[in-house]
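This report concerns only the one structure given below.
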Amino acid sequence: AGMIMDERTLRALEFPRVLERLSAFCLSEAGKEAALRLRPMAEAEDVRRAQYLYDEVRDWFAEGDFNLVSFPDISGLLAYVNGHADPLLEMDGLWALKSALGLARRAAESIHAGAARRPMLDALACSQPMPEMSLSALNRCVGDDGYLKDESSPGLLLVRSELRGIHQNCMRRVKDFADKYNIAHYLQDDYMTLSSDRYVLPLKANFKGRIQGIIHDYSNTGETLYFEPLFLVEQNNRLQELKQQEREEERKVLRLLADLLNQEMPQVRAAWELLIELDLGQAKCALGSALN
């Protein structure tokens, strides 16, 4: 015991090739990297513990109560939140956090349920409590579509309800207008579209209507012009204010989420490391059964 093998000896033993095989069984990028970093242990006691843990992990997966699936890599995001005084999070990062931490929590719950049978695995899952504040905030705020939910904050809910009201109002007025002046055949696909936070009508460029309004833009092909009729101007001014408010409300929610993550960073990291350990564990089991 106590002797660490050097890299040359490991290569002679084809140890890196074993790790390559192991990493191929990992579900996540982070797991694959962890597999390739493994080195033989120097102490017999560590080997014994790893062996017990392997048996517990194998039995736990065999019970089929929990199924590990591929999960996104959040390590870059955690480093970013940790290293910035005022980190502004991106939605795809939050979605990744929500799914990775949610998976970690389900794993921990399944492990705790059989804690008596799996003391080592349970100790691994208990190294820190789960980041419950961050998790419930992520579940409340981040929708399955990857956008912030209306219910994220009372302010956001209010602004978005008014935005929807304006959208319906404008749609109704455009429809009435199109019927009244018989211009439906000039409208491209949709009745209305947004151009820099204003509702405009996508009209065929040969439209020579005598409607009062502003031409905002032409499409790249020049076949469509984007036209703001006078009767939408007032609604559009309000729309622009609301869109600005909506962005501010969203930023407040993103700040709150970053604050919670910062407060719970040790728990978030522990949950992330648990996932990597479990990915490694299932890969070891898969390699074990592949090699019988």
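The values are calculated or read from the model by the stated rules, or taken from the named source; none is laboratory data. Note that the coordinates shown come from a computational prediction; the quantities given were computed from them, not determined experimentally. Glycine also receives a Cβ, built like all others from the backbone with ideal geometry; neighbour counts cover every protein chain displayed. To get the accessible areas, we keep the full protein, side chains included, count just its heavy atoms, and leave off ligands, DNA and RNA. Shrake-Rupley method; radii C 1.70, N 1.55, O 1.52, S 1.80 Å.
Observations, loosely collected:
- Net charge over other residues, Cβ less than 14 angstrom from the Cβ of Arg269 (K, R count +1; D, E count -1): -4
- With a cut-off of 18 Å on the backbone N, the residues of the stretch 227-266 near the modelled label site 7 Å out from Glu162 along Cα-Cβ are 233-253.
- Length-normalised contact order for the stretch 1-107 - Cα pairs under 8 Å, 6+ apart - percent: 25
- Counting only protein heavy atoms and a probe of 1.4 Å, the accessible surface of the chain is 51% carbon and sulfur.
- Where only DSSP H runs of four or more residues are counted, the chain gives -20500 deg cm²/dmol as its mean residue ellipticity at 222 nm, each run worth -39500 (n - 2.57).
- Normalised by 2.2 N^0.38 Å, where N is the number of residues, the alpha-carbon radius of gyration of the stretch 3-116 equals 1.34.
- The charge dipole of the chain, taken about its Cα centre with unit charges on the Cβ atoms of Lys, Arg (+1), Asp and Glu (-1) only, comes to about 600 debye.
- Largest to smallest principal axis extent of the C-alpha atoms in the chain, angstrom: 91, 40, 38
- Largest mean-square fluctuation among Glu250, Glu20, Glu29, in a Gaussian network model of the chain whose springs join Cα atoms under 10 Å apart, belongs to Glu20.
- Structural descriptor for the chain: relative contact order 26 percent, calculated from alpha carbon pairs under 8 angstrom and at least 6 residues apart.
- Using a Gaussian network model of the chain in which every pair of alpha carbons under 10 angstrom is joined by a spring, one finds that among Val253, Val47, Val200 the greatest mean-square fluctuation is at Val47.
- Kirkwood hydrodynamic radius of the stretch 74-164, Cα pairs, Å: 15.2
- Over 26 Å (Cα to Cα) - which of Lys175/Lys243; Lys32/Lys252; Lys180/Lys204; Lys208/Lys243; Lys32/Lys149 fall in this group: Lys32/Lys252; Lys208/Lys243; Lys32/Lys149
- Each Lys or Arg adds one and each Asp or Glu takes one away; over the other residues whose Cβ falls under 12 Å from the Cβ of Gly114, this sums to -4.
- Considering only trypsin sites (Lys or Arg not before Pro) in DSSP loops that have at most 16 other Cβ atoms within 10 Å, the longest stretch of the chain without any of them is 1-116.
- Simple label model, 7 Å out from Cα along Cβ direction - Arg247 to Asp46, nm: 5.2
- Highest-fluctuation residue, Ala62, Ala12, Ala271 considered, GNM on the chain with Cα pairs under 10 Å: Ala12
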